[in-house]
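*Asks:* Can you read through this structure? Questions will come right after.
FYI, it's all coordinate maths here, none of it is from the lab. Because the structure is a prediction, the values reported are computed rather than measured. As a convention, Cβ positions derive from the backbone with ideal geometry for all residues, glycine included, and neighbour counts pool all protein chains shown.
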Amino acid sequence: MRNFKRYIWISAMAAVIAAAAIAAFCIFFDQAVVLRKSTIYHLNTDEKVVALTFDDGPSPVWTPQVLDELKKAGIKATFFMIGKHVEAYPEIARRVAREGHDIENHGYDHKVMIYYKMDELNREIGGTEKVIKEVTGQTTRYFRPPKAWLNDTEKQKIKEMGYGIVLWSLNSKDWVTFHDKQITSYISRYIKPGDIILFHDSGGVFGTEGGDRSQTVKTIPRLAKKLKEKGYKFVTISELLSGKY
């Protein structure tokens with residue numbers, strides 16, 4: 001009995017340590033770094049331009065607040081939207097388009113798409129393209145895979161669909177709910193011309209809806225002020241990649 005209890009205790013401690021290690025990995029390591037092959041994650045340029053991007057929206061709670069702050073700061077951004085959220089909150093998606101921001105494709109329901117077959121990719125990406133077009137009038141040309149995960153075959157297939165695959169060079173980790181001062185300090189310290197910055201306008205640690213994006217909202221004016229003081233200009237993904245800024 002004593003050995004059994006000891007075994008249970010050791011197993012429990014091992015599970016706790018493993019969970020802590022996984023949590024630390026997710027918080028402090030950006031998996032996109034090892035998945036950047038054959039993707040767009042940074043523009044090589046000497047001009048001080050950066051692209052602010054938001055994933056997982058639209059959200060009826062957080063996207064309007066993000067839009068309000070972007071308008072106050074005079075910034076245009078890029079929103080990688082989830083198809084089912086566009087269907088659920090069409091008026092929010094239309095506001096994003098109406099205020100001059102780019103809308104791009106983040107798949108229909110935020111599933112990790114690794115090892116998807118062509119018909120599955122068509123449903124996820126093509127279906128989302130159709131929804132966004134019908135609701136906002138914008139045609140998506142760039143795709144950001146949920147969690148950044150795609151294999152080489154999928155990347156090739158997605159490019160054959162006419163899409164550029166966009167990741168990021170700076171991750172705000174705003175889903176961890178770091179304080180806005182911490183997020184701003186981190187990005188300001190490591191910012192480089194041509195960077196693509198990842199934020200979220202919906203969701204949290206355990207899902208793509210709900211969550212607390214208040215620190216994201218607070219970061220926008222603080223980051224805008226800081227980077228503008230450094231001489232940076234905020235552009236959309238389409239502007240960044242076309243050079244039309």
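*Asks:* Relative to the compact-globule scaling 2.2 N^0.38 Å, provide the ratio for the alpha-carbon radius of gyration of the chain.
*Replies:* Working it through for the chain, the quotient is 1.08.
*Asks:* Express the relative contact order of the range 196-245 as a whole percentage, based on alpha carbon pairs under 8 Å and six or more residues apart in sequence.
*Replies:* Answer for the range 196-245 is 18 percent.
*Asks:* Tell me, how many Å apart are the Cα centres for the range 110-135 and for the range 73-93?
*Replies:* 16 Å
*Asks:* From Cα pairs below 8 angstrom and at least 6 apart in sequence, can you work out the relative contact order of the chain, rounded to a whole percent?
*Replies:* Computed over the chain, the figure is 29 percent.
*Asks:* With θ set to phi - 60° and the Karplus curve 6.51 cos²θ - 1.76 cosθ + 1.60, what are the ³J(HN,Hα) couplings of the range 65-70 in order, to the nearest whole Hz, using x for Gly and Pro?
*Replies:* Whole-Hz 3J(HN,Hα) from phi for the range 65-70: 5, 4, 4, 4, 5, 4.
*Asks:* Amide H neighbours of PHE79 under 5 Å, counting only residues 5+ apart in sequence or on other chains, H built in-plane at 1.01 Å?
*Replies:* For PHE79, the qualifying residues are PHE54, ASP102, ILE103, GLU104.
*Asks:* Could you work out the relative contact order of the range 59-117? I mean the mean sequence separation of Cα pairs under 8 Å and 6+ apart, divided by the number of residues, in percent.
*Replies:* Worked out over the range 59-117, it gives 39 percent.
*Asks:* Could you pull out every residue, at least 5 positions away or on a different chain, whose amide H is within less than 5 Å of the one on ASN171? Hs are placed 1.01 Å off N in the peptide plane, and Pro or chain starts have none.
*Replies:* LEU198
*Asks:* Still on this structure, please answer the following. Quick check for me: using +1 on Lys/Arg Cβ and -1 on Asp/Glu Cβ, what's the dipole size of the range 100-245 about its Cα centre, in debye to the nearest 20?
*Replies:* 720 debye
*Asks:* Using θ = phi - 60° and the Karplus relation 6.51 cos²θ - 1.76 cosθ + 1.60, list the HN-Hα couplings for the range 133-145 in order, rounded to whole Hz, with x at every Gly or Pro.
*Replies:* Coupling constants for the range 133-145: 4, 5, 7, 10, x, 8, 9, 7, 10, 10, 10, 10, x Hz.
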